Amino acid sequence: MISPRDVARKLTRRHDERPFRGIVLIIAATVFLACSDALGKYLTLTLPSIEVAWLRFLVFVLIMVPVAMASGSSPLKSVRPGLQVLRGLALVFSSVIFISSLRYQPIAQASATSFVAPLFVTALSVVVLGETVGPRRWIATLVGLVGVLIVVQPGTAAFNPAALLTLASALLWAATLVMTRMISGADRVVTTMAFAAIVGFAVLSVLVPFVWVTPSLSDLGLGLGVGIASTAGQWIVVLAFRHAAASMLAPFSYIQLVWVTIIGVVVFGELPGLWTFVGAAIIIGSGIYTAHRERLRHLRQVAAEPYPSA
């Protein structure tokens, strides 16, 4: 009998044919996700976090419904519907928690803290996907965690409790990424996106009446921007995971720190402190090294494959 891990491993190998394309896609996704986070942070000044997330998923649903209808076959026909629902729940609560954290800390610091997600992805990839992670990559990942601790500075006067929200969001986001990887070999992209939109909107529609604040026209416009940027980013993430392993793509999410730092300075006047830059540099360095080791591993795998006969 084939175990679930064997199935996940086979699906993983089937789609690891274009790692460079996956890397390019994940970098593009960081641009959209950074814009979504910035708009979400701005909205939290006037609206509750749950309502901001609800506006985000409302736009998500409005975009996905026509796309799903145009796709031909039923977009909700899934090989693994239970996993799709679980992924949707992880995504929506990761979004709500992260938006909540943005209200109480600079966007660059929140994003830098959230980059602990690749550490979680590396661990979950081993347990859930059966991917092989060597000792050097584990060391690089732990070094990245040290960088996160430098940014957060637990036990000091600079520590912001909101960082704990960011860490919780990162764990849920890592789970979302790993489940994306598991699903991508079985279901279509439109199916994964439709499940995420419907599950997230349904959950938030139940919660939002308890915190409702009537939004202004400018709030609605910003909410539209949040939804469009987030939907584009999520779609590109799903596409990226069809071409490369979770542990390979995770380090490249660090590039989002560049975009949010620029946005934080220009839009919010938030100049990150010295330790944020130091921690971020360590995080990015560990990510680059991890990507290098993953690339070498991939090249060795390709070299070991038998040459196809004519």
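A few notes on this one:
- Some residue of region 260-274 being of a type in the set (A, V, I, L, M, F, W, C), more than 12 Å from PHE57 (Cα to Cα) and within 16 Å of the chain's Cα centre (by Cα): yes
- Every residue from region 274-284 that is touching a residue at least 12 places away in the same chain (Cβ under 8 Å) and open to solvent by 40 Å² or more (accessible area, probe 1.4 Å): TRP275, VAL278, ALA281, ILE282, ILE284
- All of ALA303, ALA280, ALA291 fail the test of being in a helix (DSSP H, G or I), within 21 Å of ALA34 (Cβ to Cβ) and at pLDDT below 70, apart from ALA291.
- Taken together, the residues in region 187-228 that are more than 21 Å from the chain's Cα centre (by Cα) and more than 21 Å from LEU33 (Cα to Cα) amount to 13.
- Checked against the criteria, VAL126 counts as of a type in the set (A, V, I, L, M, F, W, C) and more than 27 Å from ILE50 (Cβ to Cβ).
- Test: residue in region 204-218 that is part of a loop (DSSP other than H, G, I, E, B) and polar (S, T, N, Q): yes
- Unmet requirement for THR231, which otherwise passes all of (1) over 14 Å from LEU33 (Cβ atoms); (2) open to solvent by less than 40 Å² (accessible area, probe 1.4 Å); (3) hydroxyl-bearing (Ser, Thr, Tyr): (1)
- Check on VAL151, within 20 Å of GLY233 (Cα to Cα), modelled with pLDDT under 85, of a type in the set (Val, Ile, Thr) and in contact with a Gly (Cβ under 8 Å, 6 or more places away or on another chain): no
The values are calculated or read from the model by the stated rules, or taken from the named source; none is laboratory data. Worth saying up front: this structure is predicted, and the values here are computed from it rather than measured. Don't worry about glycine lacking a Cβ; one is built from the backbone with ideal geometry, like all the others, and counts go over all protein chains shown. Just the protein is used for accessible areas: all its heavy atoms, side chains included, with ligands, DNA and RNA removed. Shrake-Rupley method; radii C 1.70, N 1.55, O 1.52, S 1.80 Å.
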